[in-house]
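To keep things clear, I will list the structure first and then write my remarks on it.
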Amino acid sequence: MSTPEDASEHKQTVAEEEHDALAVAAAAGIHRLAIPTPFMVGRVNAYLIEDSPLTLVDSGPNSAKALDELEQALAARGHAIEDIELLVITHQHMDHFGLASILARRSGAEVAALDRLAAILARRSGAEVAALSELAPFLASYGHQTDLEDQFAERMMLRHGIPPEIVTALRAVAAGFRAWGSAVEVSTPLAPGGELKLRERTLRVLHRPGHSPSDTVFLDESRAILLAADHLIAHISSNPLLARPLDAPEGFLEPRPKALITYIDSLQKTRAMDLSLVLPGHGRPITDHVSLIDERFRLHQRRAEKIRRLIASQPRSAHEIAQELWGNVAVTQAFLTLSEVLGHVDLLLRDELVVEDERDGVVRFRAG
């Protein structure tokens with residue numbers, strides 16, 4: 001049994017390890033700027049890379065408080081927003097790019113992001129392959145893209161058993177959050193596997209989808225430091241959220257994106273890397289990514305087995321499973337918990353442990 005003294009010592013050890021890891025990053029010219037957000041996850045980590053060009057990785061959400069604290073954090077390093085020369089966006093979630101448009105306008109900085117965020121190609125088949133048409137870039141058409149995301153989420157929630165009145169309420173809540181993001185033009189599209197060259201370092205661009213379709217991590221190759229955004233976080237497991245594929249046509253619903261399977265594949269690639277330090281999008285730095293990723297794998301195995309047992313006892317919709325696991329949270333955070341359940345059900349479907357049936361427009365799962 002642990003004592004209050006044990007807990008205090010552990011907390012102190014974690015704080016010391018965090019301080020030491022941030023010192024290593026700072027010695028490499030990479031400085032964490034923790035920016036406030038209105039979300040439960042808390043502050044988001046932007047990273048200032050003191051190099052040429054002066055680079056900021058992620059911006060924080062579109063809010064006056066976030067902008068004020070970002071300006072203060074830059075000033076503490078002897079910089080102003082107008083000094084930023086390159087702004088790098090790691091993925092499509094608003095807490096990471098919401099201020100990008102304001103920062104780019106004030107500084108004139110180049111904006112770099114995964115090419116799939118900068119230019120989206122619509123899928124076509126058969127004779128239409130030759131007529132692939134370019135859609136509006138995701139970040140530049142943020143308002144339209146979030147409308148499509150909301151439509152996709154609504155259809156997915158109804159299909160998996162969430163009552164219409166809850167879906168309607170959640171759509172209203174989601175609409176209120178959209179102002180934390182803002183459209184931004186990407187001037188420097190980044191190809192997966194490509195390079196982002198600064199004077200004192202080269203950042204390898206690595207696409208690691210799962211938490212979102214656009215998750216991009218950046219490897220400082222000479223120092224083995226990975227800027228990981230939300231791909232890997234020490235204190236919480238990144239939720240692989242259901243999302244429209246970046247190249248999906250309007251009205252897309254099926255085949256359902258297998259976010260957790262995709263995420264596990266991405267984690268396996270990161271696990272194989274030789275890294276000295278991982279700098280995440282939230283919380284403290286990670287010094288042993290292999291152990292943390294192995295812990296995440298075990299967590300997903302345990303949750304999949306728990307869901308398998310629930311389905312074995314009786315057929316259930318994903319929403320019914322979420323209610324069994326999390327109670328009222330499955331109502332207040334219905335899409336988040338739905339994503340979590342369907343991700344683990346996808347593991348069970350892959351292993352032929354459960355079967356998916358549809359009746360009256362609602363999907364339920366039963367033992368295979």
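The values are calculated or read from the model by the stated rules, or taken from the named source; none is laboratory data. This is a predicted model, so every value here is computed, not measured. Here Cβ is always computed from backbone atoms with ideal geometry, including for glycine, and neighbour counts include all displayed protein chains. Heavy atoms of the whole protein, side chains included, go into the accessibility calculation; ligands, DNA and RNA do not. Shrake-Rupley method; radii C 1.70, N 1.55, O 1.52, S 1.80 Å.
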Proximal lysines to residue 197, defined as alpha-carbon separation beneath 24 angstrom and excluding residues fewer than eight positions away on the same chain: 269
Nearby lysines by direct alpha-carbon distance to residue 11 (threshold 19 angstrom, same-chain neighbours under 8 apart not counted): none
Rounded to the nearest 20 debye, dipole of the chain from Cβ charges on Lys, Arg, Asp, Glu: 780
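Kyte-Doolittle mean at least -0.5 and Cα extent at least 15 Å along the axis: which DSSP H helices of the chain qualify? Intermediate results must be reported in sequence, preceding the final value.
On the way: long enough: 4-27 (35 Å, -0.69); 64-76 (18 Å, 0.19); 142-159 (25 Å, -1.09); 164-177 (20 Å, 1.14); 259-271 (18 Å, -0.04); 289-313 (36 Å, -0.70); 334-350 (24 Å, 1.13).
Within the chain the helices that satisfy the rule are 64-76, 164-177, 259-271, 334-350.
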Dipole axis of the range 282-359 (+1 Lys, Arg; -1 Asp, Glu on Cβ), positive-most option in 345, 311, 287: 287
Charge dipole (the range 1-112, unit charges on Cβ, about Cα centre) - positive-most of 39, 25, 98: 98
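Subtract the Cα-Cα distance of residue 254 and residue 155 from 0.36 nm times their separation in residues, and report this length gain in nm to one decimal.
Values: separation 99, 0.36 × 99 = 35.64 nm, distance 1.05 nm.
Going from the current span to full extension adds 34.6 nm.
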Which labelled figure in (1) 57; (2) 48; (3) 62 is percent of Cα pairs over 25 Å apart, once derived from the coordinates: (1)
Size of electric dipole in the range 243-355: Cβ of Lys, Arg +1 and of Asp, Glu -1, about Cα centre, debye, nearest 20: 260
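Scan the chain and hand back the longest stretch that contains none of the trypsin sites (Lys or Arg not before Pro) lying in DSSP loops with at most 16 other Cβ atoms within 10 Å.
Working: sites that count: 77, 123, 124, 199.
Here the longest segment lacking exposed loop sites spans 200-368.
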Solvent-accessible surface (1.4 angstrom probe) belonging to residue 94, in square angstrom, nearest 10: 30
Within the chain, helix-based [θ] at 222 nm, where runs of 4 or more DSSP H residues each add -39,500 (n - 2.57), nearest 500: -13000 deg cm²/dmol
Candidate aspartates and glutamates for bridging to residue 306, where Cα separation is under 18 Å - those fewer than 8 sequence places away on the same chain excluded: 295, 320, 324, 340, 346, 351, 352, 356
P(r) histogram, all alpha-carbon pairs of the range 212-368 included - 10 Å bins from 0, percent: 10, 35, 33, 17, 4, 0
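Please give the direction-averaged projected area of the C-alpha convex hull for the range 268-332, in square nanometres with one decimal.
Working: hull surface 24.6 nm².
Hull-based average projected area comes out at 6.2 nm².
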